[in-house]
Amino acid sequence: MNTAESILVTGAAGFIGSHLVERLLRDGHRVVGLDNFDPFYAPDEKRRNLKTAAAHQNFRLIEVSCQDVASGAGALEDQRFDVIVHLAAKAGVRPSIEDPSGYAVSNIMGTQAMLELARRHSVRRFVFGSSSSVYGNAARVPFVETAFAILGGVAWLVAKGERALGSRRPA
Ligand SMILES: NC(=O)c1ccc[n+]([C@@H]2O[C@H](COP(=O)([O-])OP(=O)(O)OC[C@H]3O[C@@H](n4cnc5c(N)ncnc54)[C@H](O)[C@@H]3O)[C@@H](O)[C@H]2O)c1
């Protein structure tokens with residue numbers, strides 16, 4: 001990435017997101033982190049993840065759910081982003097089977113809302129964090145993107161998100 005870009009990172013308080021945010025700040029970018037502090041694991045841990053970033057002048061945190069951005073939450077309409085990195089997602093295979101609606105809202109509607117935001121703002125680079133679950137129980141390694149996979153739970157939901165992005169992976 002070029003220097004001093006404006007980057008929106010969703011799932012910023014998570015494991016991957018918080019490390020990415022720190023790296024982007026170190027590299028001189030302006031970062032807006034978006035996270036709803038989903039209770040899948042302790043929200044306090046997520047706040048600790050963001051401790052370093054929170055002290056940085058080029059970082060701003062917006063506590064909102066991705067899917068709510070569609071109705072104006074988070075006041076993102078006035079912002080301009082060069083890149084959106086979409087990492088926010090409810091993770092976990094078993095809970096996705098127990099609460100498919102919650103996962104659909106977060107992972108499908110949330111992704112859709114981020115794509116709409118990117119379209120409205122003409123953001124040309126959109127990075128989406130997928131899941132190895134989309135490969136199903138494939139025994140053959142290395143995995144290939146064109147492999148047929150029977151998908152359940154979170155994998156199906158991620159594959160739907162990839163479809164929204166125009167991925168060629170079979171469902
Ligand atoms: N950690 C891994 O090994 C791994 C491997 C492959 C893919 N991934 C994918 O990368 C992404 C990030 O993974 P992670 O390990 O950092 O997960 P994580 O659970 O630590 O972080 C996800 C963050 O997203 C937030 N979030 C969840 N739903 C949200 C919503 N609707 N709106 C706003 N914020 C929301 C959570 O509060 C959390 O802070 C996920 O999509 C995950 O499926 C992770």
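Going by the conditions given, is A4 surrounded by 14 or more Cβ atoms within 10 Å (Cβ to Cβ) and either closer than 18 Å to N107 by Cβ or not acidic (D, E) (or both)? No: the conditions fail for A4. A search for C-beta distances below 6 Å between a residue of the range 100-112 that is more than 15 Å from F40 (Cβ to Cβ) and free of Cβ contacts under 8 Å to residues at least 60 places away in the same chain and any residue that is part of a helix (DSSP H, G or I) and within 9 Å of the ligand (Cβ to nearest atom), counting only pairs 6+ apart in sequence or on different chains, returns M109/Q67; T111/G161.
Within the range 29-45, how many residues are closer than 24 Å to L117 by Cα and either within 12 Å of the ligand (Cβ to nearest atom) or of a type in the set (S, T, Y) (or both)?
So in the range 29-45, the residues closer than 24 Å to L117 by Cα come out as 29-38.
Subsequent filtering for residues that are either within 12 Å of the ligand (Cβ to nearest atom) or of a type in the set (S, T, Y) (or both) retains 33-38.
Looking only at that region, the number is 6.
Entry remark, the range 7-22: residues being within 8 Å of the ligand (Cβ to nearest atom), of a type outside the set (S, T, Y) and crowded, with 21+ Cβ neighbours inside 10 Å number 5 in total.
All of (1) in contact with a Ser or Thr (Cβ under 7 Å, 6 or more places away or on another chain); (2) more than 15 Å from the ligand (Cβ to nearest atom) hold for Y103 with one exception: (2).
Residue by residue, here is whether (1) touching a residue at least 60 places away in the same chain (Cβ under 8 Å); (2) surrounded by fewer than 18 Cβ atoms within 10 Å (Cβ to Cβ); (3) under 25 Å from S122 (Cβ atoms); (4) within 15 Å of the ligand (Cβ to nearest atom) holds:
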site: L24; (1), (2), (3), (4): no, no, yes, yes
site: D27; (1), (2), (3), (4): no, yes, yes, no
site: R47; (1), (2), (3), (4): no, yes, no, yes
site: N58; (1), (2), (3), (4): no, yes, yes, no
site: D68; (1), (2), (3), (4): no, yes, yes, yes
site: D78; (1), (2), (3), (4): no, yes, yes, no
site: A88; (1), (2), (3), (4): yes, no, yes, yes
site: G92; (1), (2), (3), (4): yes, yes, no, yes
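Taking the stated definitions as given, is A113 touching a Phe, Trp or Tyr at 6+ places or on another chain (Cβ under 8 Å) and either closer than 18 Å to S65 by Cα or not hydroxyl-bearing (S, T, Y) (or both)? Criteria not met by A113. Restricting attention to the range 18-61 and to residues that are aliphatic (A, V, I, L, M) and part of a loop (DSSP other than H, G, I, E, B), the residue that is farthest from V105 (Cα to Cα) turns out to be A55.
Taking E98, is it over 22 Å from V32 (Cβ atoms) and either away from the ligand (no atom under 15 Å from the Cβ) or small (G, A, S) (or both)?
On the way: over 22 Å from V32 (Cβ atoms): yes; either away from the ligand (no atom under 15 Å from the Cβ) or small (G, A, S) (or both): yes.
Against the criterion (over 22 Å from V32 (Cβ atoms) and either away from the ligand (no atom under 15 Å from the Cβ) or small (G, A, S) (or both)), E98 qualifies.
Taken together, the values in this text are just the output of simple stated rules run on the coordinates, not laboratory data. These numbers were taken from a predicted model, which means no experiment stands behind them. Glycine gets a Cβ as well: all are built from the backbone with ideal geometry, and neighbour counts include every protein chain shown.
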